[in-house]
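Inspection log for the structure reproduced underneath, given as structure tokens.
The values are calculated or read from the model by the stated rules, or taken from the named source; none is laboratory data. Source: prediction; values computed, not measured. Quick reminder, even Gly has a Cβ in these numbers, built from the backbone with ideal geometry, and neighbours come from all protein chains shown. Only protein heavy atoms, including side chains, enter the accessible area calculation; ligands, DNA and RNA are left aside. Shrake-Rupley method; radii C 1.70, N 1.55, O 1.52, S 1.80 Å.
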Amino acid sequence: MRAGQPAVSGQKWGQIRRNWGLYVLLLPAVVLSLLFAYKPMYGVLIAFKDYSPALGIGGSPWAGFKYFDKFFHSYQFSTTIKNTLIISVYSLVTFPIPILLALMVNQMRGNRFKRFFQTVSYMPHFISTVVMVGLMLILLSPSSGLLGSVYRLFGAEAPDLMGSAGWFSSLYVWSDVWQHVGWDSIIYIAALSAVDPSLYEAATVDGASRWHKVRYIDIPMLMPTAITLLILRVGGLLGVGFEKVYLMQNDLNITSSEILSTYVYKIGLLSSQYSFSSAINLFNTVINFILLILVNQISKKFSENSLW
């Protein structure tokens with residue numbers, strides 16, 4: 001084995017020399033990853049220290065697991081975890097919707113209408129989060145919004161949905177579905193476009209209906225892509241986005257809208273408790289990483305699809 005090692009090493013260097021252009025193209029991505037993904041990991045130490053900006057990360061005294069213990073015993077622990085899980089699991093339930101949309105688009109025969117439909121479904125994705133929440137506030141206002149006007153037509157008083165704790169998760173999830181379902185379906189439409197047309201022709205000869213083609217050709221072709229995206233989605237189960245939740249949040253719905261990311265923002269930036277907020281965020285990251293590994297292993301065990 002030792003005698004063969006220099007030969008193997010020489011072959012690898014030969015491959016690198018032959019494909020040096022590809023490695024040059026790869027270099028910027030590697031540098032950016034090192035600078036903005038790996039180098040900042042040094043800041044994780046803040047979670048284990050009594051961090052002081054004046055002393056810096058290296059000069060601040062060690063605190064061990066003090067801030068993790070503080071979070072686990074705080075009154076906000078159960079509330080933030082519960083709210084985050086409710087929104088995340090609720091969003092996970094809507095995962096098949098882009099797949100259904102892609103299957104529907106794939107069955108459309110009129111190219112002009114098909115292009116129009118796809119364009120309309122993609123457009124909401126480009127609306128900024130601030131504008132999206134602003135539209136929700138305007139449309140759902142019980143006094144001056146569309147919802148209030150409809151209720152007044154029937155002589156009823158409109159509910160304040162944006163101020164209701166019970167409606168918060170539904171408003172968040174379904175507005176997100178409306179905004180991103182078209183964009184999320186692109187990858188599935190691309191997967192369907194790669195299906196060999198001869199499969200459909202053979203199915204037609206065998207007397208297969210449109211439903212049978214969807215069931216036995218389209219859906220199996222989409223499964224590898226769907227499973228990969230599902231694994232990634234579950235891996236970010238506790239990573240609910242900050243911006244939209246924070247913009248929708250108010251004093252009336254705070255009991256169901258306070259999630260880990262908004263709590264970290266308030267504790268870290270507004271209250272300047274840097275070590276405490278870092279500990280919470282690190283806990284969130286570790287849980288997501290563990291979930292990603294577990295779901296990937298489950299997928300590998302029960303199917304042929306996995307991330308690694």
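Some observations on this one:
- Output for the range 23-52, where each listed residue is in a loop (DSSP other than H, G, I, E, B) and either in contact with a helix residue (DSSP H, G or I) (Cβ under 7 Å, 6 or more places away or on another chain) or in contact (Cβ under 8 Å) with a residue 12 or more places away in the chain (or both): Asp50, Tyr51
- Meets criteria (aromatic (Phe, Trp, Tyr), free of Cβ contacts under 8 Å to residues at least 12 places away in the same chain, loosely packed, with under 12 Cβ neighbours inside 10 Å and closer than 27 Å to Gln249 by Cα) for Phe126: yes
- Qualifying positions in the range 194-231 - more than 28 Å from Lys300 (Cβ to Cβ), open to solvent by 30 Å² or more (accessible area, probe 1.4 Å) and not hydroxyl-bearing (Ser, Thr, Tyr): Pro197, Glu201, Ala202, Val205, Asp206, Gly207, Ala208, Arg210, Trp211, His212, Lys213
- Subset of the range 240-252 [touching a helix residue (DSSP H, G or I) at 6+ places or on another chain (Cβ under 6 Å) and either under 15 Å from Val173 (Cα atoms) or outside the structural domain of Ile280 (by the TED database) (or both)]: Val240, Phe242, Glu243, Lys244, Val245, Tyr246, Leu247, Met248, Gln249
- Residues located in the range 55-92, provided they are in a helix (DSSP H, G or I), aliphatic (A, V, I, L, M) and free of Cβ contacts under 8 Å to residues at least 40 places away in the same chain: Ile57
- The range 286-308 - residue that is within 30 Å of Ser52 (Cα to Cα) and touching a helix residue (DSSP H, G or I) at 6+ places or on another chain (Cβ under 9 Å) and, of those, surrounded by the most Cβ atoms within 10 Å (Cβ to Cβ): Asn288
- Flag if Leu100 is part of a helix (DSSP H, G or I) and either free of Cβ contacts under 8 Å to residues at least 60 places away in the same chain or open to solvent by 100 Å² or more (accessible area, probe 1.4 Å) (or both): yes
- Flag for Tyr67 being in the same structural domain as Ala279 (by the TED database), loosely packed, with under 13 Cβ neighbours inside 10 Å and either closer than 17 Å to Ile267 by Cα or among the β-branched types (Val, Ile, Thr) (or both): no
- Screening Ala165 with (1) open to solvent by less than 30 Å² (accessible area, probe 1.4 Å); (2) touching a residue at least 40 places away in the same chain (Cβ under 8 Å) gives one miss only, at (1).
- Matching residues in the range 254-282 - criterion: being open to solvent by less than 30 Å² (accessible area, probe 1.4 Å) and part of a loop (DSSP other than H, G, I, E, B): Glu258, Ile259
- Test: residue in the range 232-253 that is open to solvent by 60 Å² or more (accessible area, probe 1.4 Å), assigned to a loop (DSSP other than H, G, I, E, B) and touching a Ser or Thr at 6+ places or on another chain (Cβ under 9 Å): yes
- Residues of the range 103-113 that are without any contact (Cβ under 8 Å) to a residue 12 or more places away in the chain and open to solvent by less than 50 Å² (accessible area, probe 1.4 Å): Met108, Gly110.
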